[in-house]
Amino acid sequence: MCRAAALLALLIVSPVSLAAQGWLVPPRCEPVPCPVPRCVPDRPCPEPPPCARRPCRPPVAGAAIVRTASDVRVALADRVLRYEVTEKFVNRGGGLGEADYFFPLPAGAAFQDLKLSINGELVAGEILDAGEARRVYEDIVRRQRDPALVEWAGAGLLRARIFPLPPGEERTVVVRFQSVARREGDALRVDYARGRRQPPGTPGAADNLGSRGSFVLTVPDVASYGAPYSPTHALRVSERRGERRVVVEDAVGDVTVLIPVARAGRGALSLLAHAPGGGDGFALVTVTPPARPARTTPRDVTFVVDVSGSMSGTKLEQAKAAGRQLLGTLSERDRFRIIDFSTDVRAFRDDYVHATRANVAEAERYVESLEAQGSTNISGALVRALDRPDDDPMEEGRLPLVLFVTDGEPTVGERDPDALAKLAARRRGQRRVFTFGLGADVNARLLEQVALEGRGTAHFVRPGESVERALAIVASRLTAPVATDVTVRAEGEDGSRVRLTRVYPTGPVDLFAGQDLVLLARFGGSGAAHVVVEGRGPDGAPVRWATAATFPARERGNAFVARLWATQRVGYLSAERRQHGPSAELDAELRELGERYGIPTELTSYFVREPGMVAQGRGGDVGRRRVGDQPMRLSEAVVTGAPTAAPAPQDRDQRFESAKRAAEQRQAISLADVAADTTSAIGNEATRRVDGRRFTLRDGVWTDARHRAGVRVVRVRAYSEAWFRVAELLPDVRDALALGERVIVAGRAVAIEVAPDGAAKLGAAEEKALVDGW
């Protein structure tokens, strides 16, 4: 009977906005209750014996209960999200185990039940009174110093006692609840806070590290729902039995999934905003084309392939396979060309041909016959690919695309990268140019600039990687253009002035069927507005639709939007730096973005020399130099020197890696695309990134990179009444408070410092000033 006991307490406190993974807390030392005398019928009740407070039960030695699995299943039906969270725990210690299990509920959730698996059966718990929930919770936080608990200070919680658990045995906890799917413009939003991995040695680290987790969302497969998209994770989507199954890859951290809600005759548009205050906010705009476009724009596709001697072997075979795949994406409304080049430039036909079955079959035979030999005439290939036939394809309402594959530096014809980039910019007209560079010998700067000028993307493939896969991904995305020259802007309402600035990708872009167009921007102003999408449809007629949106003056959620915007901004600034060289203003912004958001750049977490320049230094320190006798940090390093006649092999490798990283950054639309680790090192300083903030450990204090001298500071003692009040007033600082007992977090006009000599309680006036200045 004792083993089958399951205890459940519902703690009613302030609600939170996300569904969240639960966590374990070791047992607290609790007083043993005094015995109560029993009364016998028809006899006087005995006097209760004297009772002194007995010693409390200590935690069981040798017990170690850890989480081994956390599986989340969410089903969408009629705008209602039905969550089922199944978590498994095992006692890996040598003694009898005991722990409390806490689970924070989202705001507005309808709790259904919580069950424990006892002897293989799920047994429901008992609902108990929760009058002192807040006091109990805060007491646990003070005792445990558990970052997971701190992150959810003030949350609405479920608590279950897992006891007793013999060594080696497993318990399963199942939590079920429902909530209404929140709408973000033309999309439904699904959130779940998986929790963060804590560093080894942190309380609760064993509970977070090493446990596997999954997140699966099922959505009805109906025309009104578009393709699910996540700005936080990579998704794997499959369809079966009338539903879409959405699997989140590497389900760690806060999960956000958007499900577009399409409308008849138009696409869907959603907006996620992050406005920390003290300047322009950040916006992520997702544009989803109509689910079933009636008609798509015909294309003129040019496939340009390098067949110089360096392409022999595996590279050429991959390029041939990529060409075959590209030909397979063509419809009979499309036209195509094939251009191959080495010392000379050749073509399958003199001009575009329609993609009939006969022409495609003949083109496949032509691609199969290609052989690698000779030099690399990039200028000749560019001129041929970007020539202007008498019948301008844009006048016929066609979308011209160029896919350019090469593995080398130009050795024949024009060889100067600047001259080649200018040539491409001058000749490309309305063509969209996508470049694919193979290996470190490629002229990365040239291909990067040609793609940027050509409103396309640059792809850099390392030796051993598949150019076939890279080209196939791009080709599959370009199969059905729905609207071209698309722009997105904001129109304020009721006198509000809202504007979008520094929008990425830059300039007009194209919208393709089955693919979301994701734009990242800064926004100024606040209030009600319309987000307006305009472009040109398949028949050349204007396309326009708008969705009502509210741009907040302060919004501390969606912190990932700021980092995604900063990542793309770094990619574009890096390309500009390679094209025009460093400048004080550009370098300062690159350094600030890299250090603030933990994004690798040439000036922060790793060092890349500029093309044609050498770093001066002494000693054997990699990535460091000295000015006089003063050592410099990587983020302060300066590249000096004179142009070199030919770049050394290591310089080519550095240029290639820098261009590849920048290209990936320019295309990052999800945190899954961002290569930077949550914890990184810049110079010799330990750093952590928490919800868009970068903290550096300085003299034992985790210091916010945004903190500046001279700002008013409010000091509070860790885990005091004032500390909990700050966490309640400013929910966006909870994760930062979890860093430790010495922390400085910066706001707009005030900073919070957690210190041993801080205030234990704040007055009403101090609280108001803190909120107003934050």
- Just checking, which of V733, V726 is assigned to a helix (DSSP H, G or I), without any contact (Cβ under 8 Å) to a residue 24 or more places away in the chain and not charged (D, E, K, R)? V733
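Taking region 669-715 as the search range and keeping residues that are among the small types (G, A, S) and in contact with a strand residue (DSSP E or B) (Cβ under 9 Å, 6 or more places away or on another chain), which one is modelled with the lowest pLDDT? If you could, list the steps in order and put the result at the bottom.
Initial filter on region 669-715 (among the small types (G, A, S)): 670, 672, 675-676, 680-681, 683, 686, 692, 700, 705, 709-710.
Subset that is in contact with a strand residue (DSSP E or B) (Cβ under 9 Å, 6 or more places away or on another chain): 670, 672, 676, 680-681, 686, 692, 705.
Working: S670: 90, A672: 84, A676: 44, S680: 41, A681: 37, A686: 73, G692: 70, A705: 84.
Once the filter is applied, the top-ranked residue is A681.
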- First in region 446-460 and of a type in the set (D, E), second anywhere and in a loop (DSSP other than H, G, I, E, B) and surrounded by fewer than 24 Cβ atoms within 10 Å (Cβ to Cβ), Cβ under 7 Å, 6 or more apart: E453/R428
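Looking at the structure I just gave you, is G408 of a type outside the set (A, V, I, L, M), assigned to a helix (DSSP H, G or I) and either at pLDDT 85 or above or open to solvent by less than 20 Å² (accessible area, probe 1.4 Å) (or both)?
Judged against the criteria, G408 is not a match.
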- Query: Among the residues of region 91-110, how many are part of a strand (DSSP E or B) and either at pLDDT 75 or above or crowded, with 23+ Cβ neighbours inside 10 Å (or both)?
  - Reply: 10
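Say we look at region 71-85 and pick out the residues that are open to solvent by less than 70 Å² (accessible area, probe 1.4 Å) and more than 25 Å from the chain's Cα centre (by Cα); which of these is nearest to G253 (Cα to Cα)?
Looking at the filtered set, the residue picked out is V80.
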- Please find, among Q318, Q325, the residue that is on the phi < 0 side of the Ramachandran plot, open to solvent by 60 Å² or more (accessible area, probe 1.4 Å), in contact with a helix residue (DSSP H, G or I) (Cβ under 8 Å, 6 or more places away or on another chain) and not hydroxyl-bearing (S, T, Y). Q325
- Task: Could you pull out the residue among V252, V304 that is β-branched (V, I, T) and either open to solvent by less than 10 Å² (accessible area, probe 1.4 Å) or touching a Ser or Thr at 6+ places or on another chain (Cβ under 6 Å) (or both)?
- Result: V304
- Just need a number here: residues in region 523-539 that are open to solvent by less than 30 Å² (accessible area, probe 1.4 Å) and farther than 25 Å from G397 by Cα. 5
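Output the number of residues of region 215-236 satisfying the condition of being hydrophobic (A, V, I, L, M, F, W, C) and either open to solvent by less than 10 Å² (accessible area, probe 1.4 Å) or closer than 20 Å to E84 by Cβ (or both).
5
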- Task: Could you run through region 492-505 and say how many residues are under 28 Å from the mean Cα position of the chain (by Cα) and surrounded by fewer than 13 Cβ atoms within 10 Å (Cβ to Cβ)?
- Result: 1
- Task: Return yes or no: is S369 surrounded by 18 or more Cβ atoms within 10 Å (Cβ to Cβ), over 37 Å from the mean Cα position of the chain (by Cα) and among the hydroxyl-bearing types (S, T, Y)?
- Result: no
- Query: What number of residues within region 421-444 are in a helix (DSSP H, G or I) and either of a type in the set (V, I, T) or within 35 Å of the chain's Cα centre (by Cα) (or both)?
  - Reply: 5
- Message: Just checking, does region 533-544 include any residue being under 30 Å from W774 (Cβ atoms), touching a residue at least 12 places away in the same chain (Cβ under 8 Å) and within 26 Å of the chain's Cα centre (by Cα)?
- Response: no
- Task: Report yes if E243 is of a type in the set (D, E, K, R), at pLDDT 90 or above and open to solvent by 50 Å² or more (accessible area, probe 1.4 Å), otherwise no.
- Result: yes
- Give me the pairs, please: first residue somewhere in region 563-574 and without any contact (Cβ under 8 Å) to a residue 40 or more places away in the chain, second residue anywhere and open to solvent by less than 10 Å² (accessible area, probe 1.4 Å) and among the hydroxyl-bearing types (S, T, Y), beta-carbon distance under 9 Å, and either six or more positions apart or on two chains. A566/Y597; L573/T601
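The values are calculated or read from the model by the stated rules, or taken from the named source; none is laboratory data. Owing to the predicted nature of the structure, the values given are computational and were not obtained by experimental measurement. A quick note on method: Cβ atoms are made from the backbone with ideal geometry, for glycine too, and the neighbour counts reach across all protein chains shown. Each accessible area value is taken on the protein alone, full model and side chains, heavy atoms only, with ligands, DNA and RNA left out. Shrake-Rupley method; radii C 1.70, N 1.55, O 1.52, S 1.80 Å.
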